[in-house]
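Down below is the structure, laid out as structure tokens.
What follows draws every value from the coordinates through simple rules; no lab data is involved. Nothing here was measured: the structure is a model prediction, and the numbers come from that model. Here the Cβ is made from the backbone with ideal geometry for all residues, glycine too, and neighbour counts use every protein chain on show.
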Amino acid sequence: MDMVWVKSKVTIPRTVPNAIERKKLFTILANNRMKKLTIIQAPAGYGKTTLLCQWLRHIDESVAWFTIDRNDNEPRRFIKYLIHTLSVSTLNDLEQKLSNLLDEKPSFETIVDTLLNELDTYKEKIHIVFDNFQVIQHPQIHQIFIRLIEYLPANVRIYITTRTNLELPLANWRVKGWMLEVGIGQLCFDLEELQYFYFNSFSNDEQVGALKPLLKITEGWVAGIQLIKISTGNVNNLNSKEILLKAGPYIHEFFMQEILSSLPSSTQDFLIRTSILNHLEPDVCVTITNKVDSLATLVDLNQKGLFIECIQIHPPVYRYHTLFRYALQDELKRQYSSEMINSIYCQAATNLCDRGDYVAAIELALNGELYELAHEWIQKYLVEIFAEGHTLSFGQWIQILRNEQYSVDINMLVLYITTLFSMHEIEKAYEIIEELLFKQDASKWMDGFKFIAVSKIFEIINAYVTYMKDGDLEKAKVGLQTQVNVRKEKSSLYHISLKYNQFEPRILRTIAGSKGKFLPIEKIDALIHVLCESEIKDRNITGVTYGLLAEVLFEVNDLARASKELETALQYGLRFQDPGLFIPMYLLKARICLTRKQFEEAHLLLIKAMKETDKPYWIGVLHIMKAQAYLLEGNISYAQQEFFRVTDFINYRIASKNPFYLLVQGRILYAKNQIEEALQIAIRLKEGAIQEKQVVTFIEAGLLEATCHFELEKEESALTVLHDTLEQGALYGYCRTFLEEKYALQLLHKYWRIRRHNKRHKFNSVPSAYVNKLLQKNYLVDEFLDSFTSREKDVLQLLAEGASNYEIAQQLQLTEGTIRVYLTEIYGKIGVKSRMKAILWAKQWLGY
């Protein structure tokens, strides 16, 4: 019976309308056009076929396309279809020439050799595509293909798309330089492609930041991105959970139809059961699947391209693709009873705990709603949790238990208070303090031996926070000097190194700094004296207090002593491996360098700090500071580059709520003359500061808002906002924050002139001595004028006297072109855009 030729099997497939051109991949393909063979290997949905369709249409050369299905896994059918493919695309008479030969049923070697000779007679380039090659399992076809590659004419290029590893001599071909391999790493969408897919542009940094969580959850898998867009539309305001909730059914359906349904039931069961694991270790897989050959199963799944990758070779550890894992977990809930699911979670978690991976065990127990087991393990490993830096995880675990109305042990609750303070969850912390005080009245838990360690920790926290509020040292001493008894009891909890800051770039913004409402220096000195005379002197809380003192000294412009005290705090932070202390100190050290115009030293410090931590969040914070440093240097381009890198380390949804991130973003926009956008950020930032009662942020945001109003020629609004900012600054003695805002100089001078000429003005609520202090030349003017060269000062003075460019050039013996260059530099430094504004600035500010 004659074969029926399916036309669509030998035709280049249609691509999705408006599919993104993978230009970076085009470049890779173009640079390797002399290779005999290109293998594109990845699981389903990575755009293998689409890439080749686009590329081959792009180069506009002869193409023979063969879409393979399971029926083609037979040597004679395969060779006939290959000949037919070449006949309908390029070698029109090939089928007729070889028909007699095929009827004679010669060896496949003879057929291949004849085919190679025919290809060689065709002088133009031919591109032959074997799409879906993974269905070919027959050894004879593999031999046909090997001979085809090894004797391929110079004018022919062959392409293979496959989901699985191939039974071909690839190692030999690699060594000979015959082939190009394109894998998952190249096929994944990158951030630029994802942005274009969603917004048809590459320009908006904010859009890019919003898409980073989507890129993380999809891992660049093209089909997953398409399914999410279909199901959610705009992902700007969605977090990962919301994305999965909306797109979950589509993704689940894809994996079930494309992957799971074609697998044996035993393999399906293995995949579904092990989907509860973040990392697939053979021993744990054996426990929950009863498959003693779990390692062999994992290796086989990896070779078959089933959305699994090996992340460690010795000992072997694998992981599923994030979306594949979520789809399998959905199937777990559909196929298994709740009792069976609980049993699977319990077996896996117990195995992990027995092997010493208590963090993974606790998280797995909580995911499986095994709250009693999770509570037991948290209690058992409490000291290790804090010693090994799992403070944030601890806080999340306790919150889950409390949300589920599970009764949490008092030891854990007290340590949870410190975690909440470090995370700025002040109201929650105070709720638990009240809860524990109520329990003390009811059960006298603080009086017994069982809770002696945490009762002392509880007293210290209360005393410290109360002192920061009211400054009553005698009252604070009662709590701060009770640590002696804890040491005598030799409680293991005594050795816990508590962290007091999880994400703030300045200690002043934490509970230790009373959110910027800092005590006078002499009171902080007195507190340090008390701490150093007690056994708390060797605890992290003393280091935090030194850090606070250093920041306050910097704020009041005592740079010499600030430098000294921050070194002490830095040593504490490094000793206790507390990035919440040593990163703010590195930032402070960099700020001091920037104040002294030591830009290179500042950048080197920030790079050094990055090497001290492996925490992505803190690395992101350091990049924000680097962006600010470049801004102060006047290098807007480098500032933008550093700023853009921040969301590589900090989730955009978190970053976009971070005051430090927003402040620098606003400053960059202002420097780029996008004043309205900068103003909106400043207003939003100040509103958040008012809500959180954050003095530092209120002042920083207020200064940015005032300068934006002033630049937009809304002078009354600018002066009013500046006055409100000065009122807060005067309450606590802020100085350095005002001095660092160079764009506010002219506005501050105007504010002072109004004060001097109108004694009864509404602005008089700010002490004149405070404003005068900020305006003293040794504080502000000299420091600002240091940025001008002597020639620029000469040009500025002549400009203020009314001289034209020609007259200035004549007096200084320069060309008019040189004068125009100087004026451009001067306008940039004083923040104006016209000659008239520069003249007014010089007269008002410098008295010219």
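By the count of neighbouring beta-carbon atoms within 10 Å, fewest first, TYR617, TYR652 end up ordered TYR617, TYR652. Under 5 Å between amide hydrogens, built in the peptide plane, is the criterion, and for ALA64 it picks out HIS127, ILE128, VAL129 among residues at least 5 positions away or on other chains. Listed peptides 162-168, 557-563, 125-131 appear in the order 125-131, 162-168, 557-563 once ranked by packing, highest mean of other Cβ atoms within 10 Å at the front. Sorted fewest first by neighbouring Cβ atoms within 10 angstrom, MET468, MET256 come out as MET256, MET468. Taken over the range 565-703, the convex hull of the Cα atoms encloses 115 Å³ per residue. The packing ranking of peptides 343-355, 525-537, highest mean first, is 343-355, 525-537, where packing means the average number of other beta carbon atoms within 10 angstrom of each residue. With N as its number of residues, the range 7-187 has a Cα radius of gyration that, divided by 2.2 N^0.38 Å, comes to 0.99. Per-residue extension of 0.36 nm, minus the Cα-Cα distance of ASP472 and GLN399, leaves a gain of 23.0 nm for this segment. Taking Cα centroids, how far is the range 45-104 from the range 706-776 in Å? Value for the Cα centre distance between the two parts: 78 Å. FRET efficiency for the pair LYS125 and ALA30, taken as 1/(1 + (r/R0)^6) with r the Cβ-Cβ distance and R0 = 22 Å, rounds to 0.95.
Of the labelled figures (i) 12, 33, 30, 18, 5, 0; (ii) 15, 50, 31, 4, 0; (iii) 15, 41, 30, 12, 2, 0, only one reflects P(r) over Cα pairs in 20 Å bins from 0, in percent as derived from the coordinates, namely (i). When you filter the trypsin sites (Lys or Arg not before Pro) in the range 598-694 for DSSP loop state and at most 14 other Cβ atoms inside 10 Å of their Cβ, you are left with LYS657, LYS672, LYS693. Protection proxy ranking for 54-61, 791-798, 217-224, using the average of other Cβ atoms within 10 Å per residue and placing the highest first: 217-224, 791-798, 54-61.
Taking only the alpha carbons of the range 656-782, we obtain Rg and Dmax values of 13.9, 43 Å in that order.
Fewest neighbouring Cβ atoms within 10 Å first, the residues TYR336, TYR734 line up as TYR336, TYR734.
Shape descriptor for the range 87-188: Rg over Rh equals 0.98 (Cα atoms; Rh from the Kirkwood inverse mean 1/r). Among TRP65, PHE307, LEU548, which residue has its Cα positioned farthest towards the positive end of the charge dipole of the chain, with +1 placed on the Cβ of Lys and Arg, -1 on the Cβ of Asp and Glu, and the dipole taken about the Cα centre? So the residue furthest toward the plus end is LEU548.
Summary value for the chain: 6 percent relative contact order, contacts being C-alpha pairs under 8 angstrom separated by 6+ residues.
Across the range 259-336, Cα-Cα pairs more than 21 Å apart make up 16 percent of the total.
In this structure, the amide hydrogen of LEU180, modeled 1.01 Å from its nitrogen in the peptide plane, lies closer than 5 angstrom to those of LEU37, THR38, ILE39, counting only residues at least 5 positions away or on a different chain.
Computed on the Cα atoms alone, the convex hull of the range 522-584 gives a volume of 67 cubic angstrom per residue. With helices as the sole contributors, the chain gives -20000 deg cm²/dmol at 222 nm; each DSSP H run of n ≥ 4 counts as -39500 (n - 2.57), and the sum is divided by every residue.
Net charge near ILE808, counting Lys/Arg +1 and Asp/Glu -1 over other residues with Cβ under 9 Å of its Cβ? Local net charge: -3.
For the range 237-290, the Cα gyration tensor yields ellipsoid semi-axes of 25, 17, 6 Å (square root of five times each eigenvalue, largest first, whole Å).
Under Stokes-Einstein, with the Kirkwood radius over Cα pairs standing in for Rh, what whole-number D in µm²/s applies to the range 538-645 at 4 °C and 1.567 mPa s? Once the numbers are plugged in, D ends up at 93 µm²/s. Using a simple spin-label model with pseudo-atoms 7 Å out from Cα toward Cβ, ASN73 and VAL299 lie 2.1 nm apart. Contact order for the range 212-357, expressed relative to its length and based on alpha carbon pairs under 8 Å spaced 6+ residues apart, stands at 24 percent. Dipole check for the chain: with +1 at the C-beta of Lys and Arg, -1 at the C-beta of Asp and Glu, and the Cα centre as origin, the magnitude is about 1760 Debye.
Relative to its Kirkwood radius, the Cα radius of gyration of the range 376-446 gives an Rg/Rh of 0.96. Rounded to the nearest 20 debye, the dipole magnitude of the range 259-336 is 180 debye, with +1 charges on Lys and Arg beta carbons, -1 on Asp and Glu beta carbons, and the Cα centre as origin.
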